[in-house]
Amino acid sequence: ISQSGLIEFFPHQEKFDDIGGQNNLKDWLNLRKDAFSEEAKRFGIDPPRGVLLLGIQGCGKSLMAKGIAQAWELPLLRLDTGSLYSKFIGETESNVREAIRLAESLAPVVLWIDEIEKAFTAPSGSDADGGVSARLLGTFLSWMQEKKAPVFVVATANNISLLPPELLRKGRFDEIFFVDLPETQERAEIFRLHLQRRKRDPAAFNLQALATAAEGFSGAEIEQGIVSALYSAFSGRRKLTTDDILQELKGTRPLSLTMKEKID
Ligand code: ATP
């Protein structure tokens with residue numbers, strides 16, 4: 001919807017109920033559901049500015065950005081950080097100004113900035129002279145503090161080490177959440193959700209055994225385990241069983257384990 005293609009409407013179906021775990025974050029968001037209303041304003045509530053969701057990939061950060069828009073009944077806009085930097089001098093900054101203007105004109109709205117860590121590092125081949133990234137960060141931070149319209153920013157990041165420290169200071173985002181690997185009970189819930197989505201009765205599966213076997217797995221890896229098991233069952237035209245999924249989990253090495261080994 002923006003001329004530069006930097007910002008787009010993001011149609012989606014995902015609801016909070018489709019997300020396993022992350023109850024603290026859900027509670028925090030549920031409490032602010034009507035924070036953009038006239039009634040909240042009269043009550044003395046300033047519209048919330050945004051949240052920063054940090055964490056390893058596949059744990060549901062993107063899912064949460066979509067869930068927030070759905071839960072708050074607001075349109076979701078996605079800012080494409082990949083097309084932020086232009087090779088033409090001055091265009092990067094004008095792109096960002098245009099994106100901000102557009103988001104404000106559509107407010108109240110949720111603006112999802114995916115991989116925000118990439119927004120403040122200029123890629124080679126762009127017009128960036130080093131100063132461009134710094135100016136972009138300055139523009140973004142002052143906008144976060146002085147928005148003219150209620151645009152709730154959901155910024156997601158995988159790589160914390162690339163984030164400028166200014167972004168993490170108090171007063172930029174309302175809250176920073178670490179979206180961690182799911183605990184055992186959360187894993188059981190994620191298995192239940194994804195089995196249900198594929199029209200299986202979760203009661204026919206041993207969710208506890210699955211959750212225990214999937215220690216260290218992200219939500220995305222759990223989903224992948226179910227999908228692979230479905231293929232095996234389908235190729236033999238068999239009914240999908242707990243054992244099929246356990247078999248797939250056994251043959252999968254979760255990313256968190258590989259990362260842990262690298263650190264050790
Ligand atoms: P990335 O940084 O790679 O984009 P992410 O943290 O944003 O990762 P998602 O893209 O939200 O992760 O997750 C990918 C998919 O994995 C989701 O679409 C969903 O199907 C599944 N998934 C991940 N976490 C959960 C969860 N907590 N509950 C249910 N499904 C999940």
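The values are calculated or read from the model by the stated rules, or taken from the named source; none is laboratory data. Since the model is a prediction, treat every value here as computed from it, not as a measurement. Every residue, glycine among them, receives a Cβ derived from its backbone with ideal geometry; neighbour counts consider all protein chains shown. All accessible areas refer to the heavy atoms of the entire protein, side chains included, with ligands and DNA or RNA removed. Shrake-Rupley method; radii C 1.70, N 1.55, O 1.52, S 1.80 Å.
Give the shape of region 40-111 as rounded, prolate or oblate, defined through the alpha-carbon gyration tensor: a ≥ b ≥ c are the square roots of its eigenvalues, a/c under 1.5 means rounded, and otherwise the shape is prolate if a/b is larger than b/c and oblate if not. Oblate, since a/c reaches 1.5 and b/c is not below a/b.
Taking all C-alpha pairs of the chain, those more than 32 Å from each other amount to 33 percent. Candidate membrane-span-like segments in the chain, meaning DSSP H helices with Cα atoms spread over at least 18 Å of their own axis and a Kyte-Doolittle mean of 0.0 or above, are 131-145, 219-235, with no membrane implied.
Histogrammed with a bin width of 5 Å, the alpha carbon distances of region 115-264 distribute as 1, 8, 14, 15, 11, 10, 10, 10, 9, 7, 4, 1, 0 percent, first bin at zero.
Residues in region 1-110 average 52 Å² of solvent-accessible surface per residue, probe 1.4 Å, ligands and nucleic acids excluded.
Packing order of peptides 188-201, 150-163, highest average first: 150-163, 188-201 (average count of other Cβ atoms within 10 Å over each peptide's residues).
If the viscosity is 0.692 mPa s and the temperature 37 °C, what translational diffusion coefficient in µm²/s does Stokes-Einstein give for region 195-264 when Rh comes from Kirkwood over Cα pairs? Taking Rh from Cα pairs, D becomes 258 µm²/s. Taken per residue, the accessible surface of region 138-190 reaches 50 Å², heavy atoms only and a 1.4 Å probe.
The largest accessible area among L77, L207 belongs to the first residue in L207, L77, and the rest follow in falling order (1.4 Å probe, all chains).
Using a probe radius of 1.4 angstrom, the carbon and sulfur fraction of the accessible surface of the chain is 51%.
Report Rg/Rh for region 41-187, rounded to two decimals, where Rg is the Cα radius of gyration and Rh the Kirkwood radius.
Values: Rg = 15.7 Å, Rh = 16.1 Å.
Rounded to two decimals, Rg/Rh equals 0.97.
Ranking T258, L246, S218 by how far each Cα lies toward the positive end of the dipole of region 175-264 (charges on Cβ) leaves L246 at the top.
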